[in-house]
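Coordinate-derived values only; no laboratory data. The structure displayed is predicted, hence computed values, not measured ones. Don't worry about glycine lacking a Cβ; one is built from the backbone with ideal geometry, like all the others, and counts go over all protein chains shown.
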Ligand code: GLN
């Protein structure tokens, strides 16, 4: 099986573990130490509170290790607070700032939906890369909890899902629609929480990314001249 880690410092890591464990060929691992991080082929950074998560990661000395993990092009998927953590640029941060892992060429606005609606859910069109659902609508249920939104993306970033603001929401914002899921080579990020639904398709998509990366690494190792 392929080993997929879930950063288990804070937040909704148990829910991610549960969904991963439903996918055949996956061994889900809770990651709290450098050794556990080293042992996985891909990592999920869950939702929660990004300030707290960053603080705990810093205290446990994991920030350099996580940066190294990303630098090695090993796949990382950030959900909600995890998206903030992965972003290169973010606004609405707590005073005094918070450590960001960075790597994802996006501008994120923290607590974007905060003022009007802290939490809500809606059906959004599924991107083409998501495994197809049997039901004809081909949408997915997006659960937002004090969610951030992506308000700007760099050139290499693939947009997977967008949310169109209601007229009332748009009246209070500078945006008519925002980006809520992206992918950029080995990084994926979603503002919503697939781990709070019964739908494993986003997890399957990530597992596919990790498997592909693992196959590339294996092929490179096989093609390399013997030491
Ligand atoms: N508002 C949270 C933060 O800024 C994110 C919320 C979540 O992950 N559900 O960290």
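Within the stretch 154-178, track down each residue that is buried (at least 17 other Cβ atoms within 10 Å of the Cβ), over 14 Å from residue 111 (Cα atoms) and in contact (Cβ under 8 Å) with a residue 24 or more places away in the chain. Answer for the stretch 154-178, where residues must be buried (at least 17 other Cβ atoms within 10 Å of the Cβ), over 14 Å from residue 111 (Cα atoms) and in contact (Cβ under 8 Å) with a residue 24 or more places away in the chain: 157, 160, 161, 163.
Scanning the stretch 63-87 for residues that are more than 10 Å from the ligand (Cβ to nearest atom) and not in a helix (DSSP H, G or I) turns up 72, 73, 74, 75, 76, 77, 87. The residue that is farthest from the ligand (Cβ to nearest atom), among those in the stretch 1-38 that are in a loop (DSSP other than H, G, I, E, B) and either within 18 Å of residue 186 (Cα to Cα) or under 16 Å from the mean Cα position of the chain (by Cα) (or both), is 8. For the stretch 39-62, which residues satisfy the criterion of being touching a residue at least 24 places away in the same chain (Cβ under 8 Å) and either away from the ligand (no atom under 16 Å from the Cβ) or under 19 Å from residue 217 (Cα atoms) (or both)? Passing the criteria: 39, 40, 41, 42, 43, 60, 61, 62.
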